[in-house]
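Trainee: Would you mind keeping the following structure in view while I ask a few things?
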Amino acid sequence: MSAARKHTALPKAQTLIEALPWLTRHNGRTVVIKFGGNAMVDDDLKAAFAQDVVFLRHAGLKPVVVHGGGPQISAQLDRHGLVSEFKAGLRVTTPEAMDVVRMVLAGHVQRELVGLLNEHGPLAVGMTGEDAHTITATQHRPLIDGEYVDIGRVGEITAIDTGAVQALLDDGRIPVVSSIARSAEDNHVFNVNADTAAAALAAALGAETLMVLTDVEGLYEDWPHSDDVISRLTATELEKLLPGLSSGMVPKMRGCLHAVRNGVRTARVIDGRVQHSILLEIFTDEGVGTMVVPDAPDEAQGES
């Protein structure tokens with residue numbers, strides 16, 4: 001081997017060796033990834049996301065992808081002449097809008113993502129929360145100005161059945177789950193917040209990690225006065241910060257809190273605008289976002 005080739009190959013080897021302790025730690029563990037933000041609409045980021053997820057699978061982890069599709073849903077509703085209305089940060093979902101939501105999530109966003117993953121082998125299988133009763137929900141009525149308001153077919157998760165997802169994982173597949181739930185009361189379906197769905201699924205699966213892709217670097221220390229990112233905080237520390245967070249960050253951080261309080265070892269909010277941010281977060285010392293961990297006593301139990 002020439003000196004030049006040795007010189008270029010060595011950093012690659014060092015990068016792989018740096019990943020070794022993380023590969024060992026995460027081998028055989030389940031990781032739930034919420035796919036969203038810019039990573040959903042930028043072609044290069046979408047391709048990099050698919051590569052990362054397939055890499056995790058070949059590195060011995062068991063990835064599960066959960067996705068929503070806010071921008072795509074809004075665009076399709078507009079095409080159908082249906083108005084996008086939001087209350088308490090949630091999309092008002094009429095029966096007509098629910099048909100569009102279902103079509104976009106299961107028929108477009110999920111299909112595209114499954115296709116990107118399957119460019120690397122027969123790995124990904126698409127499903128929705130309706131399949132095999134994976135996600136069951138009841139109608140969510142948010143409290144607005146002291147009154148519970150009907151915002152249509154927006155669901156609050158009441159139960160998770162992991163049977164179908166676990167069977168796919170055991171078969172070496174990558175489940176791709178659209179955040180639609182079956183109703184606990186009737187034959188209808190509900191639109192469920194994808195951050196909430198990912199957190200509930202991570203807890204039910206006993207996942208090692210929940211990862212939520214966002215369009216920011218992480219949770220900021222003192223936004224908008226500072227752009228310093230909090231790299232690590234405990235469940236209790238996060239709970240104290242929740243009331244002051246921006247509306248878009250609340251479901252993500254509530255999801256992280258729910259996950260680590262229900263058996264998930266770490267929950268991370270990471271910058272989906274950075275190519276290969278998932279690999280950087282899982283396999284390097286630096287990481288690229290905010291990590292939430294259980295409070296100390298729970299953490300100690302987890303180590304035992």
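Trainee: Skipping prolines and chain starts, which residues have an amide H placed within reach, meaning under 5 Å, of the one on ALA124, given they are 5 or more residues away or on another chain?
Mentor: Hits under the 5 Å cutoff: ASN118, ILE174.
Trainee: Hey, another quick one. How much accessible area per residue does region 73-132 have, counting only protein heavy atoms and a probe of 1.4 Å, in square angstrom?
Mentor: Value returned for region 73-132: 51 Å² of accessible area per residue.
Trainee: For region 18-120, what is the percent of antiparallel DSSP beta bridges, rounded to the nearest 5?
Mentor: Antiparallel: roughly 25 percent of the beta bridges in region 18-120.
Trainee: What does the helix-only formula give at 222 nm for the chain: each DSSP H stretch with n ≥ 4 adding -39500 (n - 2.57), the total divided by the residues, and the result rounded to the nearest 500 deg cm²/dmol? Working shown, then result.
Mentor: On the way: 11 runs with 122 residues, N = 304.
Calculated at 222 nm, the ellipticity per residue is -12000 deg cm²/dmol.
Trainee: What dipole magnitude, in Debye to the nearest 20, does the chain give about its Cα centre under +1 on Lys/Arg Cβ and -1 on Asp/Glu Cβ?
Mentor: Using only the charged Cβ atoms, the result is roughly 840 debye.
Trainee: Evaluate the charge dipole of region 191-280 about its Cα centre and quote only its size in Debye, nearest 20, assuming +1 on the Cβ of each Lys and Arg and -1 on the Cβ of each Asp and Glu. List each step's numbers first, then the result.
Mentor: Details: 8 positive and 11 negative charges, 81 e Å.
Charge dipole of region 191-280: 400 debye, to the nearest 20.
Trainee: If a helix is a whole DSSP H run, which ones in the chain reach 20 Å or further along their own axis (Cα) and hold a mean Kyte-Doolittle hydropathy of at least 0.0?
Mentor: Flagged H segments are 43-58.
Trainee: Would you list which lysines come within 17 Å of LYS34, measuring only between C-alpha atoms, while excluding same-chain residues fewer than 8 positions from it?
Mentor: Correct list for LYS34: LYS46, LYS62, LYS252.
Trainee: Using θ = phi - 60° and the Karplus form 6.51 cos²θ - 1.76 cosθ + 1.60, what ³J(HN,Hα) does each residue of region 145-150 get, whole Hz, x for Gly and Pro?
Mentor: Couplings: 6, x, 10, 7, 10, 7 Hz.
Trainee: Now for a different question. Taking the Cα centre of region 73-177 as the origin, how large is its charge dipole in debye, to the nearest 20, when only Lys and Arg (+1) and Asp and Glu (-1) carry charge on their Cβ atoms?
Mentor: Dipole size: approximately 160 debye.
Trainee: Show me 114-123, 28-37 ranked by packing, highest mean number of other Cβ atoms within 10 Å first.
Mentor: The densest-packed peptide leads the list: 28-37, 114-123.
Trainee: Just the number please: accessible area per residue for region 188-275, 1.4 Å probe, all protein chains included, in Å². Working shown, then result.
Mentor: Details: 3780 Å² over 88 residues.
So region 188-275 comes to 43 Å² accessible per residue, rounded to a whole number.
Trainee: Additional query: Could you check what % of the DSSP bridge pairs in the chain are antiparallel, to the nearest 5?
Mentor: 35 percent
Trainee: Also: Leaving out ligands, DNA and RNA, and with a 1.4 Å probe, what % of the accessible surface on region 128-262 is carbon or sulfur?
Mentor: On region 128-262, the fraction of accessible area on carbon and sulfur atoms equals 45 percent.
Trainee: Is the C-alpha gyration tensor of region 67-192 telling us rounded, prolate or oblate? Criteria: a/c under 1.5 is rounded; beyond that, a/b larger than b/c is prolate, otherwise oblate.
Mentor: It is oblate, given that a/c is not under 1.5 and a/b is not larger than b/c.
Trainee: Just from the alpha-carbon atoms, what are the Rg and Dmax of the chain in angstroms?
Mentor: 19.6, 74
The values are calculated or read from the model by the stated rules, or taken from the named source; none is laboratory data. What you see is a predicted model, and the numbers here were worked out from it, not measured in a lab. Please note: Cβ atoms are built from the backbone with ideal geometry, for glycine as well, and neighbour counts cover all protein chains shown. Keep in mind that these areas ignore ligands, DNA and RNA; they rest on the heavy atoms of the full protein, side chains included. Shrake-Rupley method; radii C 1.70, N 1.55, O 1.52, S 1.80 Å.
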